[in-house]
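Notes for the one structure printed next.
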Amino acid sequence: MTLHLAEISIAIAPGAHAVVLMDQAGWHTTGKLDVPANISIIALPAKCPELNPVENIWQFMRDNWLSNRVFTSYDNIIDHCCEAWTKLVDQPWRIMTIGRRRWACGS
């Protein structure tokens with residue numbers, strides 16, 4: 001996570017400051033996390049997946065491509081997950097629709 005935040009930090013315009021929303025996964029809240037000076041972390045409340053748009057993306061993938069099937073092997077699981085991910089990234093409008101929060105629009 002520290003490396004991920006460092007990459008985000010590099011992409012932030014000089015003089016700007018970013019806010020990153022994170023759930024409370026252990027690797028997001030550890031004291032070992034090195035947060036760059038140009039990033040602030042806002043932790044989402046625990047057990048509130050409706051506030052985390054990524055949770056809705058995972059649910060969409062499960063509902064449409066990954067649930068109610070029997071996988072034949074570990075490799076078969078990986079293949080299906082990769083196929084589902086590829087389908088999803090080929091539909092950026094769907095990602096935007098799933099992740100949109102009417103109440104979170106800035107002006």
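At-a-glance table
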| quantity | calculated |
| --- | --- |
| The chain, dipole about Cα centre (Lys/Arg Cβ +1, Asp/Glu Cβ -1), debye to the nearest 20 | 360 debye |
| Cβ-based net charge around Val20, under 15 Å, with every Lys or Arg adding one and every Asp or Glu removing one | -3 |
| Per principal axis, descending, Cα span of the chain in whole Å | 49, 35, 28 |
| Within the chain, helix-based [θ] at 222 nm, where runs of 4 or more DSSP H residues each add -39,500 (n - 2.57), nearest 500 | -12500 deg cm²/dmol |
| At most 13 other Cβ within 10 Å, DSSP loop - chymotrypsin sites (Phe, Trp or Tyr not before Pro), segment 1-93 | Phe71 |
| Dipole moment magnitude, nearest 20 debye, segment 50-104 about Cα centre, only Lys, Arg, Asp, Glu C-beta charged | 340 debye |
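Any read-out appearing in this document is the output of simple, stated calculations on the displayed coordinates, not a laboratory observation. These numbers come from a predicted model, not from an experiment. Cβ sites come from the backbone with ideal geometry, for glycine too, and all protein chains shown count toward neighbours.
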